[in-house]
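Data first, discussion second: the structure below is written as C-alpha coordinates.
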Amino acid sequence: MALTADVTGKNAKAAAPRRRPRTRVLSVGDKLFLAVLIGVPLLALLAFVWLPALASVGISFTQWDGIGLSSIHWVGLQNYKNIFTNYPPFWPAVEHNIIWMVFTALVPTPAGIFLAYQLDRKIRFSRVYQMAIFLPVVLSTAVVGFIWEIVYDPDHGLLNNALGTNNPSGKHYIDWLGDPHLNLWAVLVASAWRHTGYVMILYLAGLKSVDPSLREAAAIDGANGRQTFLRVIVPAMKPINVTIIVVTVMESLRAFDMVYVLSGNNGSKQGLELLSLLITNNTVGESPRPGYGSALATVLLVVSLAAIVTFLVQNFRKERQA
(Lines give C-alpha, C1' and ligand atoms only; values in the text may rest on other atoms or scores of the structure.)
Protein backbone atom coordinates (compact mmCIF):
# COMPACT_ATOMS: atom_id res chain seq x y z
CA MET A 1 0.00 0.00 0.00
CA ALA A 2 2.79 2.40 0.90
CA LEU A 3 4.58 1.64 -2.36
CA THR A 4 1.38 2.20 -4.33
CA ALA A 5 0.80 5.54 -2.62
CA ASP A 6 4.35 6.63 -3.33
CA VAL A 7 4.06 5.77 -7.01
CA THR A 8 0.69 7.51 -7.20
CA GLY A 9 2.19 10.65 -5.64
CA LYS A 10 5.04 10.72 -8.14
CA ASN A 11 2.63 10.33 -11.04
CA ALA A 12 0.55 13.19 -9.69
CA LYS A 13 3.61 15.43 -9.49
CA ALA A 14 4.62 14.47 -13.00
CA ALA A 15 1.13 15.17 -14.30
CA ALA A 16 0.99 18.56 -12.60
CA PRO A 17 1.51 21.41 -15.09
CA ARG A 18 4.87 23.17 -14.91
CA ARG A 19 4.82 26.80 -13.98
CA ARG A 20 5.92 29.07 -16.78
CA PRO A 21 8.45 31.74 -15.91
CA ARG A 22 6.84 35.07 -15.37
CA THR A 23 7.28 37.54 -18.19
CA ARG A 24 7.36 41.12 -17.11
CA VAL A 25 4.82 43.26 -18.89
CA LEU A 26 6.07 46.75 -19.69
CA SER A 27 4.02 49.46 -18.11
CA VAL A 28 2.94 52.61 -19.89
CA GLY A 29 5.77 54.50 -18.19
CA ASP A 30 8.34 51.93 -19.36
CA LYS A 31 7.10 52.15 -22.93
CA LEU A 32 7.18 55.93 -22.82
CA PHE A 33 10.72 55.90 -21.44
CA LEU A 34 11.91 53.51 -24.18
CA ALA A 35 10.18 55.60 -26.83
CA VAL A 36 11.96 58.73 -25.62
CA LEU A 37 15.27 56.90 -25.19
CA ILE A 38 15.22 55.57 -28.75
CA GLY A 39 13.12 58.22 -30.49
CA VAL A 40 15.00 61.37 -29.46
CA PRO A 41 18.44 60.24 -30.76
CA LEU A 42 16.79 58.85 -33.90
CA LEU A 43 14.99 62.12 -34.57
CA ALA A 44 18.18 64.07 -33.89
CA LEU A 45 20.08 61.84 -36.33
CA LEU A 46 17.43 62.35 -39.00
CA ALA A 47 17.12 66.10 -38.40
CA PHE A 48 20.82 66.99 -38.16
CA VAL A 49 22.51 64.35 -40.34
CA TRP A 50 20.38 62.55 -42.90
CA LEU A 51 17.91 65.29 -43.85
CA PRO A 52 20.65 67.92 -44.39
CA ALA A 53 22.66 65.35 -46.36
CA LEU A 54 19.71 64.53 -48.61
CA ALA A 55 18.86 68.23 -48.95
CA SER A 56 22.46 68.95 -49.92
CA VAL A 57 22.30 66.29 -52.62
CA GLY A 58 19.12 67.87 -53.98
CA ILE A 59 20.51 71.40 -53.89
CA SER A 60 23.61 70.24 -55.77
CA PHE A 61 21.49 70.01 -58.93
CA THR A 62 20.35 73.63 -58.64
CA GLN A 63 21.64 77.16 -58.92
CA TRP A 64 20.75 79.21 -55.83
CA ASP A 65 21.91 82.41 -54.19
CA GLY A 66 20.90 81.14 -50.74
CA ILE A 67 18.46 83.99 -50.04
CA GLY A 68 14.99 82.88 -51.06
CA LEU A 69 13.44 79.63 -52.24
CA SER A 70 12.04 81.39 -55.30
CA SER A 71 15.57 81.93 -56.62
CA ILE A 72 16.29 78.19 -56.90
CA HIS A 73 16.78 77.11 -60.52
CA TRP A 74 17.27 73.55 -61.70
CA VAL A 75 20.53 73.11 -63.64
CA GLY A 76 20.92 69.34 -63.57
CA LEU A 77 24.52 68.11 -63.72
CA GLN A 78 25.94 71.51 -64.68
CA ASN A 79 27.54 72.09 -61.24
CA TYR A 80 29.30 68.73 -61.38
CA LYS A 81 30.49 69.40 -64.92
CA ASN A 82 31.95 72.76 -63.88
CA ILE A 83 33.65 71.21 -60.86
CA PHE A 84 35.44 68.55 -62.88
CA THR A 85 36.30 70.69 -65.89
CA ASN A 86 36.28 74.38 -64.97
CA TYR A 87 37.19 74.76 -61.28
CA PRO A 88 41.00 75.04 -60.85
CA PRO A 89 41.19 74.41 -57.05
CA PHE A 90 39.27 71.10 -57.26
CA TRP A 91 41.97 68.72 -58.48
CA PRO A 92 44.68 70.15 -56.17
CA ALA A 93 42.20 69.69 -53.31
CA VAL A 94 41.64 66.04 -54.31
CA GLU A 95 45.40 65.52 -54.48
CA HIS A 96 45.91 67.11 -51.06
CA ASN A 97 43.18 64.98 -49.49
CA ILE A 98 44.84 61.84 -50.88
CA ILE A 99 48.24 62.99 -49.57
CA TRP A 100 46.61 63.69 -46.19
CA MET A 101 45.11 60.18 -46.06
CA VAL A 102 48.34 58.42 -47.10
CA PHE A 103 50.45 60.47 -44.67
CA THR A 104 48.03 59.82 -41.79
CA ALA A 105 47.99 56.10 -42.53
CA LEU A 106 51.78 55.82 -42.78
CA VAL A 107 53.07 58.17 -40.06
CA PRO A 108 50.83 59.01 -37.05
CA THR A 109 48.81 55.77 -37.14
CA PRO A 110 51.85 53.41 -36.88
CA ALA A 111 53.41 55.84 -34.37
CA GLY A 112 50.30 55.63 -32.18
CA ILE A 113 50.29 51.82 -32.40
CA PHE A 114 54.00 51.70 -31.50
CA LEU A 115 53.51 53.98 -28.49
CA ALA A 116 50.52 51.90 -27.32
CA TYR A 117 52.62 48.73 -27.55
CA GLN A 118 55.45 50.31 -25.55
CA LEU A 119 53.14 51.71 -22.87
CA ASP A 120 51.37 48.36 -22.56
CA ARG A 121 54.66 46.82 -21.39
CA LYS A 122 54.23 48.65 -18.07
CA ILE A 123 57.31 50.82 -18.32
CA ARG A 124 58.05 53.38 -15.61
CA PHE A 125 55.98 56.59 -15.64
CA SER A 126 53.62 55.11 -18.24
CA ARG A 127 50.72 57.13 -16.82
CA VAL A 128 52.65 60.36 -17.32
CA TYR A 129 53.51 59.41 -20.90
CA GLN A 130 49.89 58.49 -21.63
CA MET A 131 48.67 61.83 -20.33
CA ALA A 132 51.28 63.80 -22.26
CA ILE A 133 50.64 62.02 -25.56
CA PHE A 134 46.84 62.06 -25.18
CA LEU A 135 46.66 65.74 -24.18
CA PRO A 136 46.31 67.06 -27.79
CA VAL A 137 43.27 64.81 -28.29
CA VAL A 138 41.49 66.55 -25.41
CA LEU A 139 41.93 69.89 -27.16
CA SER A 140 39.71 70.79 -30.08
CA THR A 141 41.30 70.77 -33.52
CA ALA A 142 40.81 74.54 -33.77
CA VAL A 143 42.79 75.08 -30.54
CA VAL A 144 45.50 72.75 -31.83
CA GLY A 145 45.58 74.90 -34.95
CA PHE A 146 46.07 78.07 -32.89
CA ILE A 147 48.91 76.41 -30.95
CA TRP A 148 50.73 75.40 -34.12
CA GLU A 149 50.10 78.81 -35.66
CA ILE A 150 52.21 80.25 -32.84
CA VAL A 151 54.87 77.57 -33.39
CA TYR A 152 54.99 78.27 -37.15
CA ASP A 153 54.98 82.07 -36.90
CA PRO A 154 57.83 83.12 -39.23
CA ASP A 155 58.98 86.08 -37.11
CA HIS A 156 58.35 85.10 -33.49
CA GLY A 157 57.50 81.40 -33.70
CA LEU A 158 59.23 78.70 -31.69
CA LEU A 159 60.41 76.75 -34.73
CA ASN A 160 62.07 79.61 -36.61
CA ASN A 161 63.65 80.95 -33.44
CA ALA A 162 65.08 77.52 -32.69
CA LEU A 163 66.43 77.16 -36.24
CA GLY A 164 67.62 80.77 -36.51
CA THR A 165 65.52 81.39 -39.63
CA ASN A 166 63.33 84.21 -38.29
CA ASN A 167 65.08 87.14 -39.96
CA PRO A 168 62.94 88.40 -42.91
CA SER A 169 66.01 89.87 -44.62
CA GLY A 170 68.05 86.74 -44.00
CA LYS A 171 68.96 84.11 -46.55
CA HIS A 172 67.19 81.20 -44.81
CA TYR A 173 63.95 82.90 -43.75
CA ILE A 174 61.14 80.28 -43.75
CA ASP A 175 57.43 81.07 -43.93
CA TRP A 176 56.03 77.67 -42.99
CA LEU A 177 52.38 78.51 -43.68
CA GLY A 178 52.91 80.97 -46.52
CA ASP A 179 55.11 78.83 -48.76
CA PRO A 180 52.84 76.64 -50.94
CA HIS A 181 55.58 74.00 -51.08
CA LEU A 182 55.79 73.71 -47.29
CA ASN A 183 52.42 74.65 -45.77
CA LEU A 184 50.64 71.35 -46.43
CA TRP A 185 53.43 69.37 -44.77
CA ALA A 186 53.49 71.78 -41.86
CA VAL A 187 49.76 71.26 -41.31
CA LEU A 188 50.19 67.48 -41.64
CA VAL A 189 52.76 67.53 -38.83
CA ALA A 190 50.31 69.44 -36.63
CA SER A 191 47.56 66.96 -37.48
CA ALA A 192 49.85 64.00 -36.77
CA TRP A 193 50.58 65.42 -33.30
CA ARG A 194 46.91 65.04 -32.43
CA HIS A 195 46.10 61.88 -34.39
CA THR A 196 48.98 59.92 -32.82
CA GLY A 197 47.48 60.29 -29.35
CA TYR A 198 44.03 59.28 -30.58
CA VAL A 199 45.30 56.08 -32.19
CA MET A 200 47.47 55.34 -29.16
CA ILE A 201 44.57 55.44 -26.70
CA LEU A 202 42.36 53.31 -28.98
CA TYR A 203 45.03 50.66 -29.43
CA LEU A 204 46.05 50.75 -25.79
CA ALA A 205 42.47 50.03 -24.76
CA GLY A 206 42.42 47.13 -27.21
CA LEU A 207 45.70 45.73 -25.87
CA LYS A 208 44.30 45.72 -22.33
CA SER A 209 41.44 43.48 -23.50
CA VAL A 210 43.65 40.85 -25.18
CA ASP A 211 43.55 37.49 -23.40
CA PRO A 212 46.89 37.05 -21.51
CA SER A 213 46.85 33.34 -22.33
CA LEU A 214 47.57 34.20 -25.98
CA ARG A 215 50.83 35.87 -24.99
CA GLU A 216 51.73 32.97 -22.71
CA ALA A 217 51.08 30.42 -25.46
CA ALA A 218 53.21 32.41 -27.90
CA ALA A 219 56.04 32.63 -25.34
CA ILE A 220 55.88 28.85 -24.78
CA ASP A 221 56.17 28.34 -28.55
CA GLY A 222 59.35 30.43 -28.53
CA ALA A 223 58.01 33.62 -30.15
CA ASN A 224 59.79 36.85 -29.27
CA GLY A 225 58.02 40.14 -28.51
CA ARG A 226 57.85 41.33 -32.12
CA GLN A 227 56.56 37.99 -33.41
CA THR A 228 53.97 37.81 -30.65
CA PHE A 229 52.70 41.27 -31.48
CA LEU A 230 52.54 40.81 -35.28
CA ARG A 231 51.27 37.23 -35.44
CA VAL A 232 49.15 36.91 -32.30
CA ILE A 233 48.06 40.26 -30.89
CA VAL A 234 47.37 42.14 -34.14
CA PRO A 235 45.03 39.42 -35.53
CA ALA A 236 43.27 39.22 -32.16
CA MET A 237 42.61 42.98 -32.31
CA LYS A 238 40.89 42.95 -35.68
CA PRO A 239 37.86 45.05 -34.53
CA ILE A 240 40.21 47.76 -33.22
CA ASN A 241 42.22 47.65 -36.44
CA VAL A 242 39.05 48.14 -38.49
CA THR A 243 38.00 51.05 -36.27
CA ILE A 244 41.39 52.74 -36.60
CA ILE A 245 41.39 52.40 -40.41
CA VAL A 246 37.87 53.82 -40.70
CA VAL A 247 38.71 56.70 -38.34
CA THR A 248 41.91 57.44 -40.27
CA VAL A 249 40.10 57.61 -43.61
CA MET A 250 37.28 59.77 -42.22
CA GLU A 251 39.64 62.14 -40.42
CA SER A 252 41.66 62.57 -43.60
CA LEU A 253 38.68 63.31 -45.83
CA ARG A 254 36.86 65.67 -43.46
CA ALA A 255 39.92 67.64 -42.28
CA PHE A 256 38.78 71.24 -41.85
CA ASP A 257 39.15 73.05 -38.50
CA MET A 258 42.91 72.98 -38.16
CA VAL A 259 43.54 73.82 -41.81
CA TYR A 260 41.01 76.66 -41.70
CA VAL A 261 42.82 78.20 -38.73
CA LEU A 262 46.34 77.71 -40.10
CA SER A 263 45.39 79.01 -43.55
CA GLY A 264 44.23 82.32 -42.05
CA ASN A 265 40.53 81.59 -42.66
CA ASN A 266 41.26 81.37 -46.36
CA GLY A 267 39.47 78.42 -47.88
CA SER A 268 41.45 78.51 -51.14
CA LYS A 269 44.99 79.35 -50.02
CA GLN A 270 47.51 77.95 -52.48
CA GLY A 271 49.01 74.72 -51.21
CA LEU A 272 46.25 74.14 -48.64
CA GLU A 273 43.27 73.43 -50.89
CA LEU A 274 41.06 70.72 -49.38
CA LEU A 275 37.58 69.59 -50.36
CA SER A 276 36.12 70.59 -47.00
CA LEU A 277 37.54 74.11 -47.33
CA LEU A 278 36.22 74.46 -50.87
CA ILE A 279 32.77 73.40 -49.66
CA THR A 280 32.78 76.06 -46.93
CA ASN A 281 34.21 78.73 -49.22
CA ASN A 282 31.47 78.16 -51.80
CA THR A 283 28.60 77.74 -49.34
CA VAL A 284 29.16 80.57 -46.84
CA GLY A 285 31.93 82.60 -48.48
CA GLU A 286 31.86 86.17 -49.72
CA SER A 287 29.88 85.15 -52.81
CA PRO A 288 27.95 82.07 -51.65
CA ARG A 289 26.93 79.45 -54.18
CA PRO A 290 25.04 76.80 -52.18
CA GLY A 291 24.42 74.68 -55.28
CA TYR A 292 28.11 74.58 -56.11
CA GLY A 293 29.11 73.94 -52.51
CA SER A 294 26.50 71.18 -52.20
CA ALA A 295 27.88 69.52 -55.34
CA LEU A 296 31.35 69.52 -53.78
CA ALA A 297 29.89 68.12 -50.55
CA THR A 298 28.16 65.35 -52.50
CA VAL A 299 31.44 64.45 -54.22
CA LEU A 300 33.14 64.25 -50.82
CA LEU A 301 30.28 62.13 -49.45
CA VAL A 302 30.51 59.68 -52.36
CA VAL A 303 34.30 59.42 -52.04
CA SER A 304 34.03 58.79 -48.27
CA LEU A 305 31.32 56.16 -48.64
CA ALA A 306 33.18 54.46 -51.49
CA ALA A 307 36.39 54.19 -49.45
CA ILE A 308 34.70 52.94 -46.28
CA VAL A 309 32.24 50.55 -47.97
CA THR A 310 34.96 49.04 -50.17
CA PHE A 311 37.15 48.35 -47.18
CA LEU A 312 34.33 46.88 -45.09
CA VAL A 313 33.10 44.65 -47.92
CA GLN A 314 36.58 43.26 -48.49
CA ASN A 315 37.05 42.76 -44.76
CA PHE A 316 33.77 40.87 -44.32
CA ARG A 317 34.50 38.79 -47.44
CA LYS A 318 37.83 37.67 -45.96
CA GLU A 319 36.06 36.75 -42.70
CA ARG A 320 33.56 34.56 -44.56
CA GLN A 321 36.29 32.83 -46.54
CA ALA A 322 38.19 32.15 -43.34
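The values are calculated or read from the model by the stated rules, or taken from the named source; none is laboratory data. All values derive from a computational prediction rather than experimental measurement. Here the Cβ is made from the backbone with ideal geometry for all residues, glycine too, and neighbour counts use every protein chain on show. Side chains are part of the model used for accessible areas, which takes the heavy atoms of the whole protein and leaves out ligands, DNA and RNA. Shrake-Rupley method; radii C 1.70, N 1.55, O 1.52, S 1.80 Å.
Here is the figure for region 85-109: residues that are in a helix (DSSP H, G or I), surrounded by fewer than 14 Cβ atoms within 10 Å (Cβ to Cβ) and not hydroxyl-bearing (Ser, Thr, Tyr) total 5.
Within region 199-223, track down each residue that is over 30 Å from residue 300 (Cα atoms) and either of a type in the set (Val, Ile, Thr) or surrounded by 18 or more Cβ atoms within 10 Å (Cβ to Cβ) (or both).
Passing the criteria: 204, 206, 207, 210, 218, 220.
Residues in region 6-50 that are assigned to a helix (DSSP H, G or I) and at pLDDT below 75: 6, 7, 8, 9, 10, 11, 12, 13, 14, 15. Contact annotation: residue pairs with Cβ atoms under 8 Å, 6 or more positions apart or on different chains, pairing a residue in region 208-220 that is modelled with pLDDT of 80 or more with a partner that is open to solvent by 70 Å² or more (accessible area, probe 1.4 Å) and in a helix (DSSP H, G or I), are 218/231. Among residues of region 90-103 that are within 13 Å of residue 303 (Cβ to Cβ), those with a beta-carbon under 9 Å from a residue that is among the β-branched types (Val, Ile, Thr) and open to solvent by 40 Å² or more (accessible area, probe 1.4 Å) at least six positions away or on a different chain give the pairs 94/303; 97/303.
Quick one: would you say residue 53 is closer than 30 Å to residue 241 by Cα, part of a helix (DSSP H, G or I) and in contact with a helix residue (DSSP H, G or I) (Cβ under 8 Å, 6 or more places away or on another chain)? First the steps, then the outcome.
Details: closer than 30 Å to residue 241 by Cα: yes; part of a helix (DSSP H, G or I): yes; in contact with a helix residue (DSSP H, G or I) (Cβ under 8 Å, 6 or more places away or on another chain): yes.
Answer is yes for this residue.
Note on region 179-199: residues that are touching a Pro at 6+ places or on another chain (Cβ under 7 Å) and not polar (S, T, N, Q) amount to 6. Among the residues of region 224-264, those identified as among the polar types (S, T, N, Q), open to solvent by less than 40 Å² (accessible area, probe 1.4 Å) and in contact (Cβ under 8 Å) with a residue 40 or more places away in the chain are 248, 252, 263. From the list 85, 62, the lone residue that is more than 28 Å from residue 182 (Cβ to Cβ) and in contact with a strand residue (DSSP E or B) (Cβ under 9 Å, 6 or more places away or on another chain) is 62.
Return the total of residues in region 281-322 being acidic (Asp, Glu) and touching a helix residue (DSSP H, G or I) at 6+ places or on another chain (Cβ under 9 Å).
Residues of region 281-322 acidic (Asp, Glu): 286, 319.
The next check asks that each one be touching a helix residue (DSSP H, G or I) at 6+ places or on another chain (Cβ under 9 Å); those that pass are 319.
Residues that pass the stated criteria total 1.
Selection of region 144-170 for residues being surrounded by 13 or more Cβ atoms within 10 Å (Cβ to Cβ) and either under 18 Å from the mean Cα position of the chain (by Cα) or in a loop (DSSP other than H, G, I, E, B) (or both) yields 144, 145, 152, 153, 154, 157, 165, 166. Do we have any residue at all in region 161-178 that's in contact with a helix residue (DSSP H, G or I) (Cβ under 8 Å, 6 or more places away or on another chain) and touching a residue at least 24 places away in the same chain (Cβ under 8 Å)? Yes, region 161-178 contains a residue that is in contact with a helix residue (DSSP H, G or I) (Cβ under 8 Å, 6 or more places away or on another chain) and touching a residue at least 24 places away in the same chain (Cβ under 8 Å). Here 35, 55, 44 are screened, and the one residue that is within 15 Å of residue 301 (Cβ to Cβ) and either open to solvent by 40 Å² or more (accessible area, probe 1.4 Å) or free of Cβ contacts under 8 Å to residues at least 40 places away in the same chain (or both) is 55. Restricting the search to helices (runs of 4 or more DSSP H) fully inside region 230-322 and requiring at least 1 residues that are farther than 30 Å from residue 69 by Cα gives 238-253, 257-262, 290-321.
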